[in-house]
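**Q** Let me begin by handing over the structure; questions about it come next.
The values are calculated or read from the model by the stated rules, or taken from the named source; none is laboratory data. Every value quoted in this text rests on a predicted model; they were computed, and no experiment measured them. Here the Cβ positions follow ideal geometry from the backbone for every residue, glycine too, while neighbour counts run over all protein chains shown. Only protein heavy atoms, including side chains, enter the accessible area calculation; ligands, DNA and RNA are left aside. Shrake-Rupley method; radii C 1.70, N 1.55, O 1.52, S 1.80 Å.
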Amino acid sequence: MLVLAIDSSGSGCAAAVYDGAAGEVLAHAGADIGRGHAERLMEFVDEALFASGRELADIDRIAVTVGPGSFTGIRVGVAAARGLALALGKPALGITTLQLVAESAREKQPGQPVLAVIDAKRDEVYVQAFSACGEAQGEPEILPLATARDRFSGFVGVICGSGAPLVASADTVGKPDEIDIAIDIGLVGRLGATADPASAKPKPLYLRGPDAKPQAGFAVRRATAG
């Protein structure tokens, strides 16, 4: 199975061709561009395909990061994945950035529950817990730092991601600048190769922004599909 992996959820923009049977990335292309994802994404897709010696018609499915992350970048990536899937008649799948952070940690420290934490800035963090076998334990959330520290102070397992130090230390605060999410584009392809297309439709995951709605019981915002 050949997977076209796409990521534009942060300051980076990348694409890769992943061979699910061989378990390896055949080629990838991308750069940390900050802005301009809409102008550069298809360029990187073309570069990755050319370097892999494959064509779009060879692709079996498309996997794309759906957030949380850059509001505009997520929309660009998801729109591109949906358009390519429609044109090719192949499935497209969404992979969350929190799942990617957790899976990367599980590879390095297997056999333990994982709490994925991404610095959302403004003294908030994106969080989601996963079991030792990678199953999500609840929905992704955005929480104030104080709430996250209280809730997960006794977490037993691996706390990982750019927001991990913020949750671990009450003296650490996030800076009010852009969200920086480092994504392993090969991991996007691998998770895309094993995900169920029926349950992983690519919908933007917005935990903050005009489409977010209050979550009862918490001073936070939950995801809604755009």
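**Q** Give the stretch 48-71 a look and list any residue that's of a type outside the set (A, V, I, L, M, F, W, C) and crowded, with 16+ Cβ neighbours inside 10 Å, or say none.
**A** Ser52, Arg54, Arg61, Thr65, Gly67, Pro68, Gly69, Ser70 - these are the residues of the stretch 48-71 that are of a type outside the set (A, V, I, L, M, F, W, C) and crowded, with 16+ Cβ neighbours inside 10 Å.
**Q** May I pose another question? Would you confirm, using the coordinates I've provided, whether Gly161 is modelled with pLDDT under 95, within 15 Å of the chain's Cα centre (by Cα) and under 26 Å from Cys13 (Cα atoms)?
**A** yes
**Q** A further question on this structure: From the list Leu143, Leu166, exactly one residue is open to solvent by less than 20 Å² (accessible area, probe 1.4 Å), at pLDDT 90 or above and in a helix (DSSP H, G or I). Which is it?
**A** After ruling out the rest, the residue left standing is Leu166.
**Q** For the stretch 147-157, how many residues meet the condition of being of a type in the set (A, V, I, L, M) and either open to solvent by less than 30 Å² (accessible area, probe 1.4 Å) or free of Cβ contacts under 8 Å to residues at least 12 places away in the same chain (or both)?
**A** Counting residues in the stretch 147-157 that are of a type in the set (A, V, I, L, M) and either open to solvent by less than 30 Å² (accessible area, probe 1.4 Å) or free of Cβ contacts under 8 Å to residues at least 12 places away in the same chain (or both) gives 1.
**Q** Do you know which of the residues in the stretch 192-226 that are buried (at least 19 other Cβ atoms within 10 Å of the Cβ) and out of contact with any Leu (no Cβ under 7 Å at 6 or more places or on another chain) is modelled with the lowest pLDDT?
**A** Looking at the filtered set, the residue picked out is Arg208.
**Q** Now a separate question. Answer yes or no as to whether Leu26 is at pLDDT 95 or above, touching a strand residue (DSSP E or B) at 6+ places or on another chain (Cβ under 7 Å), open to solvent by 10 Å² or more (accessible area, probe 1.4 Å) and not assigned by the TED database to the domain that holds Ser162.
**A** For Leu26, the condition - at pLDDT 95 or above, touching a strand residue (DSSP E or B) at 6+ places or on another chain (Cβ under 7 Å), open to solvent by 10 Å² or more (accessible area, probe 1.4 Å) and not assigned by the TED database to the domain that holds Ser162 - is met.
**Q** Output the number of the condition that Ala48 fails; it satisfies all remaining conditions of (1) in contact with a Ser or Thr (Cβ under 6 Å, 6 or more places away or on another chain); (2) assigned to a helix (DSSP H, G or I).
**A** (1)
**Q** Another question about this same structure. For the stretch 169-182, give me the residue count where each residue is open to solvent by 40 Å² or more (accessible area, probe 1.4 Å) and either at pLDDT 95 or above or of a type outside the set (Asp, Glu) (or both).
**A** Of the residues in the stretch 169-182, 6 are open to solvent by 40 Å² or more (accessible area, probe 1.4 Å) and either at pLDDT 95 or above or of a type outside the set (Asp, Glu) (or both).
**Q** Would you call Ala120 touching a residue at least 12 places away in the same chain (Cβ under 8 Å), buried (at least 23 other Cβ atoms within 10 Å of the Cβ) and over 21 Å from Gly189 (Cβ atoms)?
**A** yes
**Q** Let me ask something else about it. Answer with yes or no whether Gly138 is outside any helix (DSSP H, G or I), out of contact with any strand residue (DSSP E or B) (no Cβ under 7 Å at 6 or more places or on another chain) and surrounded by fewer than 22 Cβ atoms within 10 Å (Cβ to Cβ).
**A** no
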